[in-house]
Amino acid sequence: MNMIMWLKNIIFSIRIFHILSFIGLVLSFYAVYVRNRSIEDKGYKPFCDINKHISCTKAFRSRHYQTFYFPNTVYGIIYYFIALIMSNRYPHYLFYLSLAVLYPTVYLMYISYIKQKNFCIVCSCIYLINILMPIVTFLLEVR
């Protein structure tokens, strides 16, 4: 593979990483908004609340929503923000950063799907992004 193709592949992988990070950041901010709005306004029903088994507010109001006194979405916002910054300066460390997020992601998936028997659309999109990010960064490292 020539050098130009190699560089194009790296730039493409970083752009995908940027897109995933940005979507994760937006979804995390939306999750904070939904939680705060549902606490303030008991009649508020976001688009992601379809029934009692497909509900964002059920996930966002559960006791598992917070870890070490902060909402999980705040950690998500910090993670995606750091990932966006690191992708420009230190792209080779992105794989390790994204791997570190996999364990909490799998744990929260277990809580949501198995223990709560709930499907949160926003959460599931965030889980998918968190699973795709190490794959994209692995492909970046391999190239």
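Before moving on, here are some points about what is shown:
- From Ile126, Ile85, residue being of a type in the set (Val, Ile, Thr) and over 15 Å from the mean Cα position of the chain (by Cα): Ile85
- Residue count for segment 65-121, restricted to those that are at negative phi, part of a loop (DSSP other than H, G, I, E, B) and surrounded by fewer than 17 Cβ atoms within 10 Å (Cβ to Cβ): 2
- Subset of segment 40-57 that is in a helix (DSSP H, G or I) and touching a Ser or Thr at 6+ places or on another chain (Cβ under 9 Å) - its residue that is surrounded by the most Cβ atoms within 10 Å (Cβ to Cβ): Cys56
- Top-ranked residue in segment 11-35 [being surrounded by 14 or more Cβ atoms within 10 Å (Cβ to Cβ), at pLDDT below 85 and aliphatic (A, V, I, L, M); ranked as farthest from the chain's Cα centre (by Cα)]: Ile14
The values are calculated or read from the model by the stated rules, or taken from the named source; none is laboratory data. Just so it is clear, the model here is predicted, and its values are computed rather than measured. Note: ideal-geometry Cβ built from the backbone for every residue, glycine included; neighbour counts use all protein chains shown.
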